[in-house]
Amino acid sequence: MALTTSLQNYLSSSLISASGNAATTAIKPPRSSMITSVRMRHWAVHAAAPDTTTASVEGFEEGVLVRPNWSGETPLSRLVAALISFKPLYSLLKLGARQVFISTAEKKNIPWREMTKEILESEVYKELESIQNNSLVYPDYYLNPFHAYDEGNLTWLAAAEAEPATMSMAMRAIPDASSVDEANEIMRGNWIRAIEQHHITYSGTSTVRDVLDIGCSVGVSTGYLADKFPMAKVTGLDLSPYFLAVAQYKAKRGVPRKYPIRWIHANGEDTGLPAKSFDIVSISYVFHECPTRAIVNMVNEAFRLLRPGGTLALTDNSPKSKILQELSPVLFTLMKSTEPFLDEYYLTDVEETMRKAGFVNIKSLLTDPRHMTTTATVPQ
Ligand SMILES: C[S@@+](CC[C@H](N)C(=O)[O-])C[C@H]1O[C@@H](n2cnc3c(N)ncnc32)[C@H](O)[C@@H]1O
């Protein structure tokens, strides 16, 4: 227990300092000027030098490597994998990781335990029956322990904690933000602007009638898409019926929409939805959780689902992110212990996968210090 506590303390302080918010930074600018500088980093896009860098929204920096040296098949990456595969250490890391997720979020004023309790004590359970597709066969990778949950995403606890976890991700991405709203304004704002800009530039029309959010989780990304395209019919699709139940429960209690979001329990690799039936397909923060074969299948499925001129938008960890390349050993070990497919993700060339599927106009943009958004078009 003492070992767990000291691990937790160490991890907790590392997480805080890695996010740039250590209490010791005496030379921090006053809050007001800091916020201004964060806001200024919104949408002045820096063009990429050919074949060397990804374009980035102003102020978001790339590291010197192609991908972090703790990922892929480097000796360091193999060493971490070997350590994690040692069961007693894995159990310790898992326990520590969970406690750190919660305490780090709460230090950032995200009421993790309160939000979780509210969902678990609500009537969310009633939504499951109308959402769950009992004949769905889950891909094998989805049945592994994940994010420190033994049953992965297939539990009510994972579903109840998904929204505070998403808020925490935004605060990690934009560590200078003074609130979750401000962090989302930048992280989600830059992402959705990248999608809109790409679609306007390459689709030949600004009309958006149908939008699909693959791996929608509890509906946070789906809500942003529905807000951005209020005249479109928006569908959220996910493999976890528990996550979808939370999404539907929250949407029913949210602001009414002209077109209520449709929630579908299906595999994004093979959705069963009609071909050429969407103008935009978005897949955000899904691929780092998947093996390469699932990434390839989802990109091919998106190509099938999009109309000619349609836009695919992928958002996830950027292998070129300076912050991710410079993560402390404690942090990347912790991360890898709860995300079993990170190495495969970093070794997958997402742009090349899109090209092979038939997409054109493939553009990658660092939309916050940690994440890139890659957009592409189905030829007309
Ligand atoms: C980190 S969450 C996505 C968060 C959400 N898109 C957002 O931006 O807030 C990843 C999601 O991908 C889903 N997922 C993983 N593999 C999938 C697949 N093959 N088909 C559909 N959903 C999948 C998981 O169930 C999980 O909800």
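The values are calculated or read from the model by the stated rules, or taken from the named source; none is laboratory data. What you are looking at is a predicted structure, and each value in this text was computed from that prediction instead of being measured. Quick reminder, even Gly has a Cβ in these numbers, built from the backbone with ideal geometry, and neighbours come from all protein chains shown.
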Requested in this report: Scan the stretch 163-186 for residues that are hydroxyl-bearing (S, T, Y) and either surrounded by 23 or more Cβ atoms within 10 Å (Cβ to Cβ) or under 13 Å from the mean Cα position of the chain (by Cα) (or both) and jot them down.
Outcome: T166, S168
Requested in this report: Hey, can you tell me all the residues within the stretch 56-85 that are assigned to a helix (DSSP H, G or I), of a type in the set (S, T, N, Q) and either within 26 Å of D176 (Cβ to Cβ) or in contact (Cβ under 8 Å) with a residue 60 or more places away in the chain (or both)?
Outcome: S77
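Can you confirm whether V211 is part of a loop (DSSP other than H, G, I, E, B) and within 15 Å of the ligand (Cβ to nearest atom)? Can you show your working first?
Working: part of a loop (DSSP other than H, G, I, E, B): no; within 15 Å of the ligand (Cβ to nearest atom): yes.
Criteria not met by V211.
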Query raised in the report: For residues in the stretch 66-108 being modelled with pLDDT under 80 and of a type in the set (V, I, T), which is farthest from H147 (Cα to Cα)?
Result: V80
Query raised in the report: Do the conditions hold for P319, that is, is it away from the ligand (no atom under 15 Å from the Cβ), within 15 Å of the chain's Cα centre (by Cα) and farther than 18 Å from S217 by Cα?
Result: yes
Query raised in the report: Counting only residues that are more than 13 Å from the ligand (Cβ to nearest atom) and among the basic types (K, R), which one in the stretch 245-303 is farthest from S206 (Cα to Cα)?
Result: R253
Report summary line: Taking the stretch 139-156 and the residues there that are surrounded by fewer than 16 Cβ atoms within 10 Å (Cβ to Cβ) and either within 15 Å of L95 (Cα to Cα) or near the ligand (Cβ under 9 Å from one of its atoms) (or both), the one that is modelled with the highest pLDDT would be E151
Report task. May I ask you to verify whether D270 is closer than 27 Å to N144 by Cβ, crowded, with 24+ Cβ neighbours inside 10 Å and of a type in the set (D, E)? Result -> no
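Working only within the stretch 215-239, note down all residues that are assigned to a strand (DSSP E or B), out of contact with any Leu (no Cβ under 6 Å at 6 or more places or on another chain) and either within 13 Å of the ligand (Cβ to nearest atom) or closer than 16 Å to N153 by Cα (or both).
Our first condition is that a residue be assigned to a strand (DSSP E or B); within the stretch 215-239, this holds for 233-238.
Those left that are additionally out of contact with any Leu (no Cβ under 6 Å at 6 or more places or on another chain): 233, 236-237.
Of everything in the stretch 215-239, those that are assigned to a strand (DSSP E or B), out of contact with any Leu (no Cβ under 6 Å at 6 or more places or on another chain) and either within 13 Å of the ligand (Cβ to nearest atom) or closer than 16 Å to N153 by Cα (or both) turn out to be G236, L237.
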**Report entry** Test set (1) crowded, with 22+ Cβ neighbours inside 10 Å; (2) closer than 30 Å to L92 by Cα; (3) among the charged types (D, E, K, R) - D368 fails condition number
**Finding:** (2)
Report task. Could you list all residues from the stretch 320-345 that are within 22 Å of Y90 (Cα to Cα) and small (G, A, S)? Result -> S328, S337
Requested in this report: Would you list the strands (runs of 3 or more DSSP E) that sit entirely within the stretch 282-380 and hold 1 or more residues that are of a type outside the set (K, R) and at positive phi?
Outcome: 306-317, 360-366
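If only one of S240, S206 is polar (S, T, N, Q) and surrounded by fewer than 21 Cβ atoms within 10 Å (Cβ to Cβ), which one is it?
Details: S240 fails: surrounded by fewer than 21 Cβ atoms within 10 Å (Cβ to Cβ).
After ruling out the rest, the residue left standing is S206.
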Query raised in the report: Applying the selection to the stretch 217-236, what residues are within 18 Å of R257 (Cα to Cα) and either in contact with a strand residue (DSSP E or B) (Cβ under 8 Å, 6 or more places away or on another chain) or modelled with pLDDT under 95 (or both)?
Result: G219, S221, T222, L225, A226, F229, A232, K233, V234, T235, G236
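Please verify whether T235 is more than 26 Å from S321 (Cα to Cα) and either charged (D, E, K, R) or surrounded by fewer than 21 Cβ atoms within 10 Å (Cβ to Cβ) (or both), treating the condition exactly as stated.
Details: more than 26 Å from S321 (Cα to Cα): yes; either charged (D, E, K, R) or surrounded by fewer than 21 Cβ atoms within 10 Å (Cβ to Cβ) (or both): no.
The answer is no for T235.
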Query raised in the report: Which residue out of V286, V246 is buried (at least 18 other Cβ atoms within 10 Å of the Cβ) and touching a strand residue (DSSP E or B) at 6+ places or on another chain (Cβ under 8 Å)?
Result: V286
Query raised in the report: Of these, A313, A357, which one is in contact with a His (Cβ under 9 Å, 6 or more places away or on another chain), closer than 18 Å to V296 by Cβ and in contact (Cβ under 8 Å) with a residue 12 or more places away in the chain?
Result: A313
